[in-house]
1. Applying the selection to the range 75-102, what residues are assigned to a loop (DSSP other than H, G, I, E, B), touching a Cys at 6+ places or on another chain (Cβ under 7 Å) and open to solvent by 50 Å² or more (accessible area, probe 1.4 Å)?
2. For the range 299-344, enumerate the residues that are aromatic (F, W, Y), closer than 24 Å to S255 by Cα and buried (at least 19 other Cβ atoms within 10 Å of the Cβ).
3. Testing V72 on (1) in contact with a strand residue (DSSP E or B) (Cβ under 9 Å, 6 or more places away or on another chain); (2) of a type in the set (A, V, I, L, M, F, W, C); (3) part of a helix (DSSP H, G or I), one condition comes back false. Which one is that?
4. Taking the residues in the range 142-196 that are of a type in the set (S, T, N, Q) and closer than 19 Å to S77 by Cα as candidates, determine which candidate is surrounded by the fewest Cβ atoms within 10 Å (Cβ to Cβ).
5. Within the range 113-132, can you find the residues that are open to solvent by less than 20 Å² (accessible area, probe 1.4 Å) and out of contact with any strand residue (DSSP E or B) (no Cβ under 8 Å at 6 or more places or on another chain)?
6. Looking for something in a helix (DSSP H, G or I), under 30 Å from E300 (Cβ atoms) and open to solvent by 30 Å² or more (accessible area, probe 1.4 Å) - is there at least one such residue anywhere in the range 221-229?
7. Does any residue of the range 60-69 turn out to be of a type outside the set (V, I, T), in contact (Cβ under 8 Å) with a residue 24 or more places away in the chain, surrounded by 18 or more Cβ atoms within 10 Å (Cβ to Cβ) and out of contact with any Gly (no Cβ under 9 Å at 6 or more places or on another chain)?
Amino acid sequence: MKKLRVAIIGQGRSGRNIHGRFFQSEDNDFCQVVCVVEADEFRRARAAEEFGCDTAADHTELYGRDDIDLVVNATYSQLHYSITKDLLEHGFNVLVEKPFARTYFECLDLINTAKRNNVIVSVFHQTLLTPSHLNVKEIIESGKLGDIYQINLKYSSFGRRWDWQTLQSKCAGSVYNSGPHPIGQALDFIGWDKTAHVAFSSLSRVLTFGDSDDFAKVIISAEGKPTIDIEIISADAFAGDFNFKVFGSKGTLISTHTNYSLKYIKDFSVYPEREVIPGFMSDENGYPAACSEQLEFTEESGTIDGSAFDIAVRDFYKMLSDAILLGKEPAVTPEMAADVIRIIEACHAENPLSVEFE
């Protein structure tokens, strides 16, 4: 079977430690790195040794080559739009790291540019394929929890940052950097409903040394869908207690990326119907009482194998390889990624932060 021939732009934490790591792993038997583009001379030389491939100092050096099936754009976030558009206009299929771009308009422009040039643009939303996310979706769809009325997503930690990911000028901060993961998962839980909008948002700085957000509270609402409550916080000392919490009319699910538990009522019909009492309630002795009944929960728990940095990366690249080489429709589309940016852009519009660094 033909291998997908890949060029990587950027050898930072994403280009090298996520994409590059996968290409060098035992899970990869269908992609081949043919070129690495990196402005830094040391990183460029290291890439040549690690991947055994060509190298270049600038992405324009790729132009004219016909041995590249896909270019991975793992540059600084503020360069995602311009470099991706340039590559698409020169006939390359492009996988761009998240965030897709700074604005919804830029995302739509990239989608239309890809269509005009008969190439594919994709965005690295691999967390939509993580085992933990898919497990939550499966449990929701099973009906065990009944009608879902709220889903909480927490993408938090406790730590300080002082790198480029704290700068507004770099299209960075928690919502642009980490936010595409929980926001994308949230929209996926509600079927990418087009009525989804930001009902409430709050962005601020708590620990960062830059000028962008490191605290975000986002509530998403859509007609007839569960309320979505998202937290992306850099100062949460109990961040590991859950990543997903799903509230349903029959029970509740709580899940991290490695394990999950749910408690639910299998069948409410075994319990008697209750007649509403409009006044005070009393016990058999006439004393004040509260509503009380014994409900029997069914409890389930389990572990989750695989993460966003192994199985999800493999499955994302397999999906993209099939789209490019076999013409299959990808499960994760650029239109989905554009919807994520639409939500992020609304959060920033509602919460402008002062720019302190150019």
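1. Residue satisfying the conditions is R102 alone.
2. Correct list: F316 only.
3. (3)
4. This residue is S169.
5. Within the range 113-132, H125, Q126, T127, L128, T130 meet the criteria.
6. Scanning the range 221-229 turns up no residue that is in a helix (DSSP H, G or I), under 30 Å from E300 (Cβ atoms) and open to solvent by 30 Å² or more (accessible area, probe 1.4 Å).
7. yes
The values are calculated or read from the model by the stated rules, or taken from the named source; none is laboratory data. Small disclaimer: the values here were computed from a predicted structure and weren't measured. All Cβ positions, glycine included, derive from the backbone under ideal geometry; neighbour counts span all protein chains shown. Only protein heavy atoms, including side chains, enter the accessible area calculation; ligands, DNA and RNA are left aside. Shrake-Rupley method; radii C 1.70, N 1.55, O 1.52, S 1.80 Å.
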